[in-house]
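K.L.:
Quick one: the structure is below, and I'll ask about it shortly.
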Amino acid sequence: QSVLTQPPSVSAAPGQKVTISCSGSSSNIGNNYVSWYQQLPGTAPKLLIYENNKRPSGIPDRFSGSKSGTSATLGITGLQTGDEADYYCGTWDSSLSAFYVFGTGTKVTVL
Amino acid sequence: QVQLVQSGAEVKKPGASVKVSCKVSGYTLTELSMHWVRQAPGKGLEWMGGFDPEDGETIYAQKFQGRVTMTEDTSTDTAYMELSSLRSEDTAVYYCATFLEPVGPDSFDIWGQGTMVTVSS
């Protein structure tokens, strides 16, 4: 099981805002950059946020990331039907030996 | 731009091995740090291992130690992931993934299309 905990699901109406939390520990989020990925059904994950709050080229500013202590948050504003997907946080963990860990995943539903 | 193209779906029997390939185009494999991630049906993402550029070695998730081998053929810019002693729980989509600057080694911004591996008797 993952060491990064996310809510199983969040939902909101089109145009509204949702936030997704990612809770970890000092061995992962507390001392490493956090990334966020979007996975549409049947497709490979897509990077939305890197280094806690940076957006790769082509990612709209409706997506934002933040980190505080051992938790991180993804925000999506102006929710669109095309945002309906699974979202995962990810970071390195250095508790024993270094390994990359993904969050448990959150399903975003646009009502 | 870099593209990762993976080999096709595989069906294997329990106890067998599978070798998935990931062909790089647009860059050479030596310019990239390749990682492998899998996703069982209806489940989340699971990192299996990848190349650590700081140490110059491939690191594996503890869960797969002894069962997985990640190799590279730089002459064809193709990365490989071989998983042995397959069991039904290994049924999953396997992805290769990497990163390019400005995205650093803490994220994966380039992904292959995925390879479905089914383990069934």
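K.L.:
Any residue in segment A:1-20 that's farther than 17 Å from A:Gln80 by Cβ: show its pairings with residues that are surrounded by 15 or more Cβ atoms within 10 Å (Cβ to Cβ) and of a type in the set (A, V, I, L, M) at Cβ separation under 8 Å, as long as the two are six or more apart or on different chains.
P.N.:
A:Ser2/A:Val101; A:Val3/A:Val101; A:Leu4/A:Ile29; A:Leu4/A:Val101; A:Gln6/A:Ile20; A:Pro7/A:Ile20; A:Ser9/A:Val108
K.L.:
Could you check chain A for strands (runs of 3 or more DSSP E) lying wholly inside it with 2 or more residues that are of a type in the set (S, T, N, Q), under 12 Å from the mean Cα position of the chain (by Cα) and modelled with pLDDT of 95 or more?
P.N.:
On the way: elements: A:9-12, A:18-23, A:35-39, A:46-49, A:63-68, A:71-76, A:85-93, A:99-102, A:106-110.
Strands (runs of 3 or more DSSP E) meeting the threshold: A:18-23, A:35-39, A:63-68, A:71-76.
K.L.:
Considering only segment B:65-77, I want to know if a residue exists there that is under 20 Å from A:Pro45 (Cβ atoms) and either part of a loop (DSSP other than H, G, I, E, B) or more than 14 Å from chain A (Cβ to nearest Cβ) (or both).
P.N.:
The answer is no; no qualifying residue exists.
K.L.:
Of the residues in segment B:1-47, how many are under 24 Å from B:Asp73 (Cα atoms) and either in contact with a His (Cβ under 8 Å, 6 or more places away or on another chain) or part of a loop (DSSP other than H, G, I, E, B) (or both)?
P.N.:
Looking only at that region, the number is 14.
K.L.:
Please find, among A:Thr91, A:Thr73, the residue that is within 8 Å of another protein chain (Cβ to nearest Cβ) and either in contact (Cβ under 8 Å) with a residue 60 or more places away in the chain or in contact with a strand residue (DSSP E or B) (Cβ under 7 Å, 6 or more places away or on another chain) (or both). Before you say what the answer is, go through the steps one by one.
P.N.:
Numbers: A:Thr73 fails: within 8 Å of another protein chain (Cβ to nearest Cβ).
It is A:Thr91.
K.L.:
Hey, another quick one. State which residue is nearest to A:Ala85 (Cα to Cα) when the search covers only segment A:54-66 and only residues that are surrounded by 15 or more Cβ atoms within 10 Å (Cβ to Cβ) and either within 12 Å of chain B (Cβ to nearest Cβ) or of a type in the set (A, V, I, L, M) (or both).
P.N.:
Here the answer is A:Ile59.
K.L.:
A follow-up question, please. Can you work out which of the residues in segment B:103-121 that are facing chain A (nearest Cβ under 8 Å) and surrounded by fewer than 17 Cβ atoms within 10 Å (Cβ to Cβ) is modelled with the highest pLDDT? If you could, list the steps in order and put the result at the bottom.
P.N.:
Here is the first cut: in segment B:103-121, the residues facing chain A (nearest Cβ under 8 Å) are B:103-104, B:106-109, B:111-114.
Narrowing the set further to residues that are surrounded by fewer than 17 Cβ atoms within 10 Å (Cβ to Cβ) leaves B:104, B:113.
Details: B:Gly104: 86, B:Gln113: 98.
Ranking the qualifying residues of segment B:103-121, first place goes to B:Gln113.
K.L.:
Now a separate question. List every residue pair whose Cβ atoms sit under 7 Å apart, with the two residues 6 or more apart in sequence or on different chains, where the first one lies in segment B:32-44 and is without any contact (Cβ under 8 Å) to a residue 60 or more places away in the chain and the second, anywhere, is part of a loop (DSSP other than H, G, I, E, B) and among the hydroxyl-bearing types (Ser, Thr, Tyr).
P.N.:
From segment B:32-44, the pairs are B:Ala40/B:Thr91; B:Pro41/B:Thr91; B:Gly44/A:Ser2; B:Gly44/A:Thr104.
The values are calculated or read from the model by the stated rules, or taken from the named source; none is laboratory data. Quantities reported herein were computed from a predicted structural model and do not represent experimental measurements. Cβ sites come from the backbone with ideal geometry, for glycine too, and all protein chains shown count toward neighbours.
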